[in-house]
């Protein structure tokens, strides 16, 4: 924050207000929705791990390990190690089953060479570097009136924005696969499937908010560069 303080006190900060509001709402929505359905067990009593394993076997994706990970809502699929990590694999809650099915959807994407996932995985190092270096480069360029650094900051942050945009179709498709396979499996009934959709829709909103925030931050940098 120290690098950006003089700049963020200017009028450009107003650009971020809609995204900040959306991000706050998205975080509240996902936590409240997940919390509500984390207290509701599926009628068939199947665990999140068992649901994920059934989906992987049904879709003929056998070489994926299912592991426990720490932290709340830290579930994820690691394509490099072909590991599906669940924060509460033994839970029979609708929320845990829905999230496990979603992560299994990512494993299916990986097995099927889903192009947006492959592209997102490929640009992870560049996007990570860009998110760390963009603002220091940009503000150093402003301070020392060095256009090359300003441009470098904008370009590197553009990689981070691209990552958030590519993430959207990846996440939406994983949720679509999760709902479709759960419906085919009969592991949850129609009422429970509706609850799964609520959980996954709330989670998807956080990715929309992240993309909006990144895009507006890029717009803010471009606006500041023009004003200079």
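The values are calculated or read from the model by the stated rules, or taken from the named source; none is laboratory data. As the structure is a computational prediction, the values presented were derived from the model and not from experiment. All Cβ positions, even for glycine, are placed from backbone atoms using ideal geometry, and neighbour counts span all protein chains on display.
At pLDDT 95 or above, under 30 Å from residue 58 (Cβ atoms) and under 16 Å from the mean Cα position of the chain (by Cα), is that true of residue 195?
So residue 195 fails the test.
Quick check: anything in region 145-154 within 21 Å of residue 169 (Cβ to Cβ) and in contact with a helix residue (DSSP H, G or I) (Cβ under 7 Å, 6 or more places away or on another chain)?
No, region 145-154 contains no residue that is within 21 Å of residue 169 (Cβ to Cβ) and in contact with a helix residue (DSSP H, G or I) (Cβ under 7 Å, 6 or more places away or on another chain).
Of the residues in region 178-197, how many are under 19 Å from residue 108 (Cα atoms) and in contact with a helix residue (DSSP H, G or I) (Cβ under 7 Å, 6 or more places away or on another chain)?
Number of matching residues: 9.
Six or more apart or on different chains, Cβ atoms under 8 Å: show the pairs whose first residue is in region 195-214 and in contact (Cβ under 8 Å) with a residue 60 or more places away in the chain and at negative phi and whose second is buried (at least 18 other Cβ atoms within 10 Å of the Cβ) and outside any helix (DSSP H, G or I).
196/188
List the residue pairs whose Cβ atoms are under 6 Å apart, where the first residue sits in region 142-163 and is on the phi > 0 side of the Ramachandran plot and touching a residue at least 60 places away in the same chain (Cβ under 8 Å), the second is outside any helix (DSSP H, G or I) and surrounded by fewer than 18 Cβ atoms within 10 Å (Cβ to Cβ), and the two are 6 or more positions apart or on different chains.
From residues that are on the phi > 0 side of the Ramachandran plot and touching a residue at least 60 places away in the same chain (Cβ under 8 Å), there are no pairs.
Modelled with pLDDT under 95, under 20 Å from residue 200 (Cα atoms) and in contact with a helix residue (DSSP H, G or I) (Cβ under 8 Å, 6 or more places away or on another chain): does that describe residue 84?
In short, no.
Would you mind telling me which numbered condition in (1) assigned to a helix (DSSP H, G or I); (2) buried (at least 23 other Cβ atoms within 10 Å of the Cβ); (3) touching a strand residue (DSSP E or B) at 6+ places or on another chain (Cβ under 8 Å) residue 138 fails?
Result: residue 138 passes all but (3).
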